[in-house]
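One structure is given here, and the rest of the page talks about it.
The values are calculated or read from the model by the stated rules, or taken from the named source; none is laboratory data. Only a predicted model underlies this, so the values are computations on that prediction, with no experimental measurement involved. Don't worry about glycine lacking a Cβ; one is built from the backbone with ideal geometry, like all the others, and counts go over all protein chains shown.
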Amino acid sequence: MNTASVSLGASVSSQSRIMQLALAALLGIFVVGFVGFSHIDAVHNAAHDYRHSMAFPCH
Amino acid sequence: MNLFRNVVFIAAIAGLVAGIALACMQAYATVPLILKAEVYEKAGGGHHHDHAAATATNNNAMSSAAPADNAMSSAAPAPTEAAAPAEDEGWAPADGLERFAFNVVANIVTGIGFALILVAVSEFAGGIGNWRQGVFWGLAGFAVFTLAPGLGLPPELPAMPAAELLPRQIWWISTVAATAVGLGLIAFRKSLTLAILAVVLIVAPHVVGAPQPDSFETAIPEGLHHQFVVAVTLTDLVFWLVLGAVVGVVRGRFTGTATSLRGSFA
């Protein structure tokens, strides 16, 4: 654990810390991937303007 | 799961703020250009394009959802009277308010998603301490998620020619990953060898090259596309700066209370 700076999870072990951060990052990747990359038509259509505006590959 | 909860909480606030800001910018800067491009798309028979823009009420959509229309220089052609018959494209939000609402939701949801990635990754490096650090993290996010993939696959308007979707998505994701690792090596490792490896990683996807269409021929005017590329790049830049800065501010308040409360909880 980083002692120099204030940590968000001050009392967790370093292994649990890595696990929790990795889990949060994975959740974020899943959310972005689902909205931006899903091949399901309804998802694509709902987020259509967003996909174009974020320069995700579309169509 | 104390840390996980805190990360999600900070990401939710930052994603909400930055997502709403981005949706507002898009409503004025990018969506009007998309609507304009759809007019060309329908005039061209809607070939190869599989999203379901509502086929009816072309004119309504243009006038109600394009407030910044008159500010744009390129004139859109009049909508064709006989729009191409709609393919079976599944459900799509109706033009106007519903379409705008779904865009806002998409922006907020992915804003939170990007924030989760940003907060989690930055915590490994000690965390974003204040809004200024957040701005730099935001710049990195912009470089990784917009700039690098945008070099090979520039923002595209509907009806523009493009290669197969899946190879482009794979290239996009690989480029983002390689650029992120490269920037991380440069920022957090002090070895020259690793810095050189980082440059190789960042350059490699562009040497391989993004999947390109067979022909670049399109009905979309060059000027309209250029305007769109500029609008997308700038709105995304502001989004990332806001996202990073808000993470810095919220996290600062959070750790402030967390340290003082630590004694009572531990």
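Here are the numbers:
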read-out	value
Helices (runs of 4 or more DSSP H) wholly inside chain A that include at least 2 residues being over 17 Å from the mean Cα position of the chain (by Cα), at the interface with another protein chain (Cβ under 7 Å from one of its Cβ atoms) and at pLDDT 80 or above	A:41-46, A:48-53
Among residues of the stretch B:101-130, those that are among the aromatic types (Phe, Trp, Tyr) and crowded, with 19+ Cβ neighbours inside 10 Å, counted	2
Some residue of the stretch B:81-91 being modelled with pLDDT under 95, in contact with a Lys or Arg (Cβ under 9 Å, 6 or more places away or on another chain) and either facing chain A (nearest Cβ under 7 Å) or closer than 21 Å to A:Phe56 by Cα (or both)	no
Contacts under 7 angstrom Cβ, first residue in the stretch B:248-262 being at the interface with chain A (Cβ under 10 Å from one of its Cβ atoms) and modelled with pLDDT of 50 or more, partner crowded, with 17+ Cβ neighbours inside 10 Å and part of a helix (DSSP H, G or I), 6 or more apart	B:Arg251/B:Ile10; B:Phe254/B:Asn6; B:Phe254/B:Ile10
Options B:Leu197, B:Leu165; residue that is surrounded by 15 or more Cβ atoms within 10 Å (Cβ to Cβ) and more than 11 Å from chain A (Cβ to nearest Cβ)	B:Leu197
The stretch B:174-192: number of residues that are closer than 13 Å to B:Ala204 by Cβ and of a type outside the set (A, V, I, L, M, F, W, C)	4
The lone exception for B:Ala159 - which of (1) at positive phi; (2) more than 22 Å from the chain's Cα centre (by Cα) it fails	(2)
Residues of the stretch B:1-51 satisfying the condition of being in contact with a Leu (Cβ under 6 Å, 6 or more places away or on another chain) and modelled with pLDDT of 95 or more	B:Ala11, B:Ala14, B:Ala18
Single match in B:Leu139, B:Leu157 (criterion: among the hydrophobic types (A, V, I, L, M, F, W, C) and assigned to a helix (DSSP H, G or I))	B:Leu139
Selected residue (criterion: farthest from the chain's Cα centre (by Cα)) from residues of the stretch B:131-154 that are over 16 Å from B:Val119 (Cα atoms), among the hydrophobic types (A, V, I, L, M, F, W, C) and surrounded by fewer than 20 Cβ atoms within 10 Å (Cβ to Cβ)	B:Leu151
Boolean, B:Ala92 is more than 23 Å from B:Gly252 (Cα to Cα), surrounded by fewer than 22 Cβ atoms within 10 Å (Cβ to Cβ), in contact (Cβ under 8 Å) with a residue 12 or more places away in the chain and touching a His at 6+ places or on another chain (Cβ under 8 Å)	yes
Cβ pairs under 8 Å, 6+ apart, first in the stretch B:112-132 and more than 7 Å from chain A (Cβ to nearest Cβ) and over 14 Å from B:Val17 (Cβ atoms), second assigned to a helix (DSSP H, G or I) and charged (D, E, K, R)	B:Ile128/B:Arg251
